[in-house]
Amino acid sequence: DSGVTQTPKHLITATGQRVTLRCSPRSGDLSVYWYQQSLDQGLQFLIQYYNGEERAKGNILERFSAQQFPDLHSELNLSSLELGDSALYFCASSQQGGTAYGYTFGSGTRLTVV
Amino acid sequence: GDSVTQMEGPVTLSEEAFLTINCTYTATGYPSLFWYVQYPGEGLQLLLKATKADDKGSNKGFEATYRKETTSFHLEKGSVQVSDSAVYFCALSSGGSNYKLTFGKGTLLTVNP
């Protein structure tokens, strides 16, 4: 157990729908990062939050949004889902705002859009 | 921008064979370098890291040396085990308060008994 908890582990939904993925960071970690892993794109950075505030955005679609709550858990919202959104979505956390020392990953949420 | 190139897989070895997975990078400044491992059905785990030139990261028999002159961070293990079968990712962070890790595409390693 890495200490980073992601729910649900698996999600199957239809095109056009909206889903919410949840991440609880490791105790004491202030930063949360979201990544998308697909066979063709590899690991793509989506967005980072630090202590409740958005710090950086990567290749995140406008249909996707995220937030970090006062208790530091984070949610990634995916809307108007398309078949191509099917992927593994990972959350990671770190103590500091930067990644000079790496960070800890959760076990991921596998999203299947049908 | 930052990028990481690692050798294409899959790599198939017999138990106790020597492993090398090549990784080269392009980055601004002085990045920190990492190897992550992903076992089937799991998230990524930090395997080892190096934060400055000539540093050697090591863990569980794996080693990698930060070579600034060749912009490389090759992963090696002297004697692989079946339990080492996984996907290995090389990654970099450009340091300071940089917000993300940039990953290579991953190399699938299969070790046969």
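The values are calculated or read from the model by the stated rules, or taken from the named source; none is laboratory data. Since the structure is predicted, the reported quantities are computational estimates derived from the model, not experimental observations. A quick note on method: Cβ atoms are made from the backbone with ideal geometry, for glycine too, and the neighbour counts reach across all protein chains shown.
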Review point. Is it the case that some residue within the stretch A:72-82 is of a type in the set (Ser, Thr, Tyr), in a loop (DSSP other than H, G, I, E, B) and more than 9 Å from chain B (Cβ to nearest Cβ)?
Key: yes
Study note, to complete from the structure: A:Ala66: passes all of (1) more than 11 Å from every other protein chain (Cβ to nearest Cβ); (2) crowded, with 19+ Cβ neighbours inside 10 Å; (3) among the small types (Gly, Ala, Ser); (4) touching a Lys or Arg at 6+ places or on another chain (Cβ under 8 Å) but (4)
Revision key, fill the gap. Checking A:Gln96, A:Gln68 in turn, the sole residue that is farther than 19 Å from B:Gln38 by Cα, among the polar types (S, T, N, Q) and at pLDDT below 90 turns out to be A:Gln96
Review point. Just checking, how many residues over the stretch B:58-91 are within 20 Å of B:Gly29 (Cβ to Cβ), touching a Gly at 6+ places or on another chain (Cβ under 9 Å) and either assigned to a loop (DSSP other than H, G, I, E, B) or modelled with pLDDT under 95 (or both)?
Key: 3
Exercise for review: Would you mind stating whether B:Leu13 is in contact with a Phe, Trp or Tyr (Cβ under 9 Å, 6 or more places away or on another chain), in a strand (DSSP E or B) and in contact (Cβ under 8 Å) with a residue 24 or more places away in the chain?
Suggested key: no
Exercise for review: Determine whether the stretch B:42-51 contains at least one residue that is out of contact with any Phe, Trp or Tyr (no Cβ under 6 Å at 6 or more places or on another chain), within 14 Å of chain A (Cβ to nearest Cβ) and in a loop (DSSP other than H, G, I, E, B).
Suggested key: yes
Check your understanding: What single numbered condition from (1) within 9 Å of chain B (Cβ to nearest Cβ); (2) in contact with a strand residue (DSSP E or B) (Cβ under 6 Å, 6 or more places away or on another chain) fails to hold for A:Thr112?
Key -> (1)
**Study point:** Count of residues meeting criterion [over 12 Å from the mean Cα position of the chain (by Cα) and either loosely packed, with under 14 Cβ neighbours inside 10 Å or modelled with pLDDT of 95 or more (or both)] in the stretch B:19-54
**Key:** 10
Practice item. Would you mind stating whether B:Gly1 is over 29 Å from A:Leu39 (Cβ atoms) and exposed (fewer than 14 other Cβ atoms within 10 Å of the Cβ)? Key: no
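Looking only at the stretch A:14-63, which residues are part of a loop (DSSP other than H, G, I, E, B) and away from chain B (no Cβ under 14 Å)?
A:Ala14, A:Thr15, A:Gly16, A:Gln17, A:Arg18, A:Ser27, A:Gly28, A:Gly52, A:Leu61, A:Glu62, A:Arg63
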Exercise for review: Would you mind telling me which numbered condition in (1) surrounded by 15 or more Cβ atoms within 10 Å (Cβ to Cβ); (2) closer than 24 Å to A:Gly16 by Cα; (3) basic (Lys, Arg) A:Arg55 fails?
Suggested key: (2)
